[in-house]
Amino acid sequence: MTELFLNMSVETVDWSRAQFALTAIYHWLFVPLTLGLALIMGIMETCFYRTNKWFWRDAARFWQKLFGINFAMGVATGIILEFEFGTNWSNYSWLVGDIFGAPLAIEGIVAFFLEATFVGVMFFGWERVSTGFHLASTWLTGLGATISAWWILVANAWMQYPVGQAFNLDTMRNEMTSFAEVALSPFAIDKFFHTVISSWIIGAIFVVAVSCYLLLRNRKHTVEPEEENEDGEYTSNVANERKLALKSIRIASIVGLVASLLAMHTGDHSAYMVAKVQPMKLAAMEALYDGGNGVGLTGVALLNPFEQPDYASGEQPPMKIEIPNMLSLLATRQLDGYVPGINDIIKGGWQQPDGTTALSLNEKIRRGKAAIQAISAYRKADKQGDELEALDQKGKFYENMQYLGYGYVSNAEQTVPYIPICFWAFRVMVGLGTLFLLFFAVMLFVSFKKDIQQLPWLQWAAMAMLPLGYIASEAGWLVAEFGRQPWTIQDMLPTWVGVSDIQSSSVILTFFIFLVLFTLLLAVEINIMCKAIKKGPEFEGLILNELSKKIFNV
C-alpha cells in the first residue's frame, strides 16, 4: 500500500484537488444564503405570529420563496461533493472513513431528514396547519440546515485538527476512540460558529440588496395617508412593497450588524486556535518567514499574488506596513509572545504552546519514514508468525506514529502552502468584513432616521455589496483550505497519499463536465431568483381585504 501511495500521478493529484475545489466553491455559493435566510424569514414569521398582521405573513412567504430556490440548488451540489470522497479520494476514505464518515452519516440521517421534513410543511402547510406549528416548522427547517452545517464542519475541523482517533496496524485504518472529542473539539466549535455567523451576514446582505432593489423600482411612489388602514396596513400593492422593503432592511441590518460583531470575535478565537495547532497556516497568512517575540500584524504588503516568494532568504515583502506586537497578542495573548515563521517551523527548535520543543522538518521526515518501515516490518513479521519481532516493530511504529505523514514528504517546499493565496485571501476576508460592519451600521441608522428612499446612491451601494459578500465568504474558505496544504489531514496524510488510483484523464473529463453542470445550475438559479424578485411579493392580506370589500358591497 505504501508503494502505491508513493507512485501516485502528480497530474491525478492536482486534477482531483481542482475538481474537489470546484465542487466545494460552487456548493458554498448556496449554503450561506440558506443559513442566512433561514434566520431572517424565521424572525419575520415570528412577527406574524405575535402581531397576527398579514403583512408579516406575506413578507415571510416572499423570503421563503427565495430560500426554497436556493435550498434546492445547494442540495444538488452537496450530494456530488460527498460522492467525490469515494471516487477521487478513496485512499483517504479507506484510511479515515471510520472517523470522517460518522459526522457525514449523522448529517445525512438526522439533520437532512429534519430539514427535508419540515421544509415541506413550511412551504405547503400555510393553510393546513396552525400558525404555531407552521412557525415551529420554519424554525426547525433553519435548525436542520444549521445542524447539517455543524456535522459537515465537524468533519472539516477534524481534518484540520485530528483528535479522538488511533491508527490500527492490523487494519491499516484510523479508528475513532472518542466520538465526543471529534464532535466537540475546540477547533470544530470555533469553525462552526464563525462559519454560521458569517452566513448570517450573507443572508443579511442579500435581504438588504433585494429590498433596495424593490425601493428603487418604486422610488417615484409616495405613500399617502389614506393608503393606510386602521390596522396600520396599506391598501395598495406598491405601498406594501415599499413597507416590506423598509422593514426587511431594518431587520436584516440588525442581524448583519450583530453577526459582523460576533464574526470578529469568533474569527479572533479561530486565529488563536490556528496559531496553536497549525502554525504553518498562520505563517503563510502573514507571509511571516522568520518569527520571533513581539511580532507585528501585517496590514498590507506588496506580495506578488502569482509567485511563491523566496521565504528561505528571510527577506520581507516590500512596502510592508504592520501593527507592532499585534500578531503576538492575537496568537499567544501576550504582547511579547513568540510566533514562529515558516523558516522557524522548518528548522525546529522553538517552544510549542504545549511546552515541548518543536522538531525540525528533517527529523519529522526521518521519524515518518521510520514509522512506514515499521509498518512493512510488522506486517512481514506478523505474516511469518514471529510474535517478538512483530511486537518490536509495533512499538517502533507507535513511537513514531505522530509523524507518519511526514514519511511521504521529500523536501521542505512540499510542506509550505501557497503563500500569496493565503496572504491575500485573509486580507480580503478581514477587509470586507470590516466594510460590512460599517455598511450595516449606516443602513440601520438611515432606515430609522432618514427616508432611505431619497438616497438612491445608498441603495445602489447596497446592491453592489451582494457579490462582495460572496467574495469574502469564499476568501475565508481559501484561507482555511489552502493554509492546510499539503495535508488532507493535518500532519497525518498528504494529498498525494489520499487520492484514488485512477487515470488523470477521467478526472479531467469529469472536471469539465462538473464545470459546465454547476455553471448551468448557477445560471438557472440566478435566473429563477431574478424572476421571483422582479415579480415581487404577493400580498394575500391585501387581496383578501379587497375580496371582503366586494362581498360586503354585494
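The values are calculated or read from the model by the stated rules, or taken from the named source; none is laboratory data. A quick note: this is a predicted structure, and the numbers were derived from the prediction, not measured. Cβ sites come from the backbone with ideal geometry, for glycine too, and all protein chains shown count toward neighbours. What goes into the accessible areas is simple: the full protein's heavy atoms, side chains included, and nothing from ligands, DNA or RNA. Shrake-Rupley method; radii C 1.70, N 1.55, O 1.52, S 1.80 Å.
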Report the dimensions of the stretch 284-346 along its three principal axes from the alpha-carbon atoms, largest first, rounded to Å.
34, 25, 15
Might you tell me the accessible area per residue for the stretch 99-178, computed with a 1.4 Å probe and given in Å²?
40
Using modelled backbone amide H atoms (1.01 Å from N, in-plane), which distant-in-sequence or interchain residues come within less than 5 Å of GLU322's amide H?
GLY299
Quick one: in the stretch 235-293, what % of C-alpha pairs are over 17 Å apart?
62
Over the chain, what is the relative contact order in whole percent, taking alpha-carbon pairs under 8 Å and six or more residues apart?
21
Taking one equal scatterer on every alpha-carbon of the stretch 395-554, how large is log10 of I(q)/I(0) by Debye at q = 0.12, 0.13 1/Å?
-0.90, -0.97
Could you work out how much longer the chain between VAL110 and PHE124 gets when fully extended? Use 0.36 nm per residue separation minus the Cα distance between them, nm to one decimal.
2.9 nm
For the stretch 389-469, alpha-carbon Rg and Dmax in angstrom
26.4, 83
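Please identify the DSSP H helices in the chain that span no less than 24 Å along the helix axis (Cα) and have a mean Kyte-Doolittle hydropathy of -0.5 or more.
Length and hydropathy pass: 10-51, 54-87, 131-160, 186-217, 237-277, 419-449, 456-482, 504-535.
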Qualifying lysines (Cα of each under 26 Å from Cα of LYS369; at least 8 residues distant if same chain)
LYS276, LYS281, LYS347, LYS380, LYS383, LYS394, LYS396
Across 5 Å bins from the origin, how do the percents of Cα pairs in the stretch 234-378 run, short distances first?
2, 8, 12, 15, 13, 11, 8, 7, 6, 5, 4, 3, 2, 2, 1, 0, 0
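Suppose R0 equals 45 Å; then what is the FRET efficiency for GLN308 and PHE445 from their Cβ-Cβ distance, rounded to the nearest 0.05?
On the way: r = 45 Å, r/R0 = 0.99.
Computed FRET efficiency for GLN308 and PHE445 comes out at 0.50.
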In a Debye calculation with equal point scatterers on the alpha-carbon sites of the stretch 425-513 and no solvent, what is log10 I(q)/I(0) at q = 0.13, 0.16, 0.17 Å⁻¹?
-0.67, -0.80, -0.85
Tell me the per residue accessible area of the stretch 462-537 using a 1.4 Å probe; a whole number in Å² is fine.
44
On full extension of the chain, what length is gained from ARG379 through ASP392, given 0.36 nm per residue of separation minus the C-alpha to C-alpha distance?
3.5 nm
Once amide H atoms are placed 1.01 Å from N in the peptide plane, what residues at a sequence separation of 5 or more from GLU175, or on another chain, have their amide H within under 5 Å of its amide H?
ALA166, PHE167, ASN168
re the stretch 1-87: pairs of Cα atoms spaced beyond 23 Å account for a percent value of 48
Quotient of Cα radius of gyration and Kirkwood radius for the stretch 421-462, i.e. Rg/Rh, equals 1.18
Report in % the part of the accessible area of the chain that belongs to carbon and sulfur, leaving out ligands and nucleic acids; probe 1.4 Å.
64
With a bin width of 10 angstrom, please list the P(r) values of the chain as percents of all Cα-Cα pairs, from the 0 bin to the one holding the largest distance.
3, 16, 24, 23, 16, 10, 5, 2, 1, 0
Relative contact order (%) - criterion: Cα under 8 Å, at least six apart; region: the stretch 370-435
32
Can you compute 3J(HN,Hα) from phi for each residue in the stretch 410-416, using the Karplus curve 6.51 cos²θ - 1.76 cosθ + 1.60 with θ = phi - 60°, rounded to whole Hz and x for Gly and Pro?
10, 7, 5, 4, 5, 9, 9
Based on DSSP H runs of at least 4 residues, each adding -39500 (n - 2.57), what is the mean residue ellipticity at 222 nm of the chain after dividing by all its residues, to the nearest 500 deg cm²/dmol?
-24000 deg cm²/dmol
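Apply the Kirkwood formula to the stretch 344-415: the hydrodynamic radius equals the inverse of the mean of 1/r over all pairs of different alpha-carbon atoms; give it in Å with one decimal.
Evaluated on the stretch 344-415, it is 13.1 Å.
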Over the Cα atoms of the stretch 477-518, what radius of gyration and what Dmax do you get, in Å?
13.1, 35
So how much accessible area does LYS534 have, in Å² to the nearest 10, using a 1.4 Å probe?
140
Hey, what did the stretch 27-75 get for relative contact order, percent, Cα under 8 Å, at least 6 apart?
52
